[in-house]
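Structure first, then comments.
The values are calculated or read from the model by the stated rules, or taken from the named source; none is laboratory data. For clarity, every value in this text was computed on a predicted model and none was experimentally measured. Note: ideal-geometry Cβ built from the backbone for every residue, glycine included; neighbour counts use all protein chains shown.
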Amino acid sequence: MAELKEVLLEATREAGKIIAHYFQGSFAVENKEGINNLVTEVDKHAESRIIEIIKSNFPDHSIISEEVGEMIQDSPYKWIIDPIDGTVNFAHGIPLCCVSIGLKHEKQLILGAVYNPMMNELFFAEKGKGAFLNDKPISVSKKSDFRKACLVTGFPYKWPESKEHPIRVFERFILQGLPVRRLGSAAIDLCWVACGRFDGFWEYNLSSWDVAAGYLIVEEAGGRITNFDGDKYSVFDKETLATNGYIHDEMLRIIKNK
Ligand code: IPD
Ligand code: CA
Ligand code: CA
């Protein structure tokens, strides 16, 4: 495990250096599907460096990474990579973006790291060993009074074919009089729940690379993460609810409009 952790942190830090180097500088930006779903040359550069580091240490491991897709190998290990989460922020010079890397063994996430180099914040978790921000242990908030909670959400580039329009759900939380923020990076949203800045986060239609590392970080920080039916979460779920645990059921109730 020590070697896996070392490689994870090396890849995370190296990608962070690349992101910080180009931040607010000039770089090519392209559109993916839709007009504001962006990818920059920095996403690709950071991604290549991460994959190079992983492959040079573990050539037989599987990898799934947002821009290059899936490299399947016959291995119980799978690295799940988002080279820049919050690319729209990055492209606009907004310092809320990060690299996110999770590692799965068989069906279980065992390591996760999320690094925002602009804020010098490195979140890390190892299964069963807790969650950390810059090496200090973190935990979710203890707020149990839902009326005093601070929430965060995000919106997909393309509206999902969900049972209900995400804007209606957002409206219900806002009408409760709660502060609801939208940072533009799901990985940071999850980590900020893990360290107690937010009490809850929900979003529709995230991808495995957005959530893999953050999922483990929230769980190891003592939080709860489920889909909108309150079931055990999987990184392939299209509904994500992560909270401090105390306000989880109340958030589920509002999401489901019960
Ligand atoms: C996006 C961010 C954003 C979320 C989008 C994601 P990207 O990832 O996490 O917060 O609302 O759904 O796609 O495109 O910046 O890697
Ligand atoms: Ca992402
Ligand atoms: Ca991305």
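What to note about this one:
- Looking at VAL114, VAL140, just one residue is in contact with a Ser or Thr (Cβ under 7 Å, 6 or more places away or on another chain), in contact (Cβ under 8 Å) with a residue 40 or more places away in the chain and β-branched (Val, Ile, Thr), and that residue is VAL114.
- Pairing residues of region 195-222 that are touching a residue at least 60 places away in the same chain (Cβ under 8 Å) with residues that are assigned to a helix (DSSP H, G or I) and within 16 Å of ligand 2 (Cβ to nearest atom), at Cβ distances under 6 Å and at least 6 apart in sequence or on separate chains, gives ASP210/ALA186; GLY214/ALA187; GLY214/LEU190; GLY214/CYS191; ILE217/CYS191; VAL218/LEU190.
- Positions within region 89-101 being more than 10 Å from ligand 2 (Cβ to nearest atom) and out of contact with any Ser or Thr (no Cβ under 8 Å at 6 or more places or on another chain), in sequence order: HIS92, GLY93, ILE94, PRO95
- Of all residues making up region 134-151, the number that are surrounded by fewer than 18 Cβ atoms within 10 Å (Cβ to Cβ) and not in a loop (DSSP other than H, G, I, E, B): 4
- Residue ranges of strands (runs of 3 or more DSSP E) in region 14-88 with at least 3 members under 22 Å from GLY184 (Cβ atoms): 29-31, 38-40, 77-85
- Taking residues in region 97-110 that are farther than 19 Å from LEU183 by Cα, and partners anywhere that are part of a loop (DSSP other than H, G, I, E, B) and among the basic types (Lys, Arg), the pairs with Cβ atoms closer than 6 Å and at least 6 places apart or on different chains are ILE110/LYS127.
- Looking across ILE54, ILE81, ILE50, ILE64, one residue alone is hydrophobic (A, V, I, L, M, F, W, C), under 12 Å from VAL7 (Cβ atoms) and within 16 Å of ligand 2 (Cβ to nearest atom). It is ILE50.
- Considering each residue of region 154-167 in turn, at least one proves to be touching a helix residue (DSSP H, G or I) at 6+ places or on another chain (Cβ under 9 Å) and away from ligand 1 (no atom under 16 Å from the Cβ).
- Residues considered: GLU106, GLU52. Of these, the only one that is under 24 Å from GLU121 (Cα atoms) and assigned by TED's automatic domain parsing to the domain that holds LYS17 is GLU52.
- Look at region 4-30: where a residue is modelled with pLDDT under 95 and a partner is in a helix (DSSP H, G or I) and crowded, with 16+ Cβ neighbours inside 10 Å, sitting 6+ places away or on another chain with Cβ atoms under 6 Å, you get PHE27/VAL42; VAL29/ALA91.
- Filter pass, ARG181 being within 16 Å of ligand 1 (Cβ to nearest atom) and either of a type in the set (Lys, Arg) or not assigned by TED's automatic domain parsing to the domain that holds ILE81 (or both): yes
- Residue within region 54-62 that is surrounded by 14 or more Cβ atoms within 10 Å (Cβ to Cβ) and within 14 Å of ligand 1 (Cβ to nearest atom) present: no
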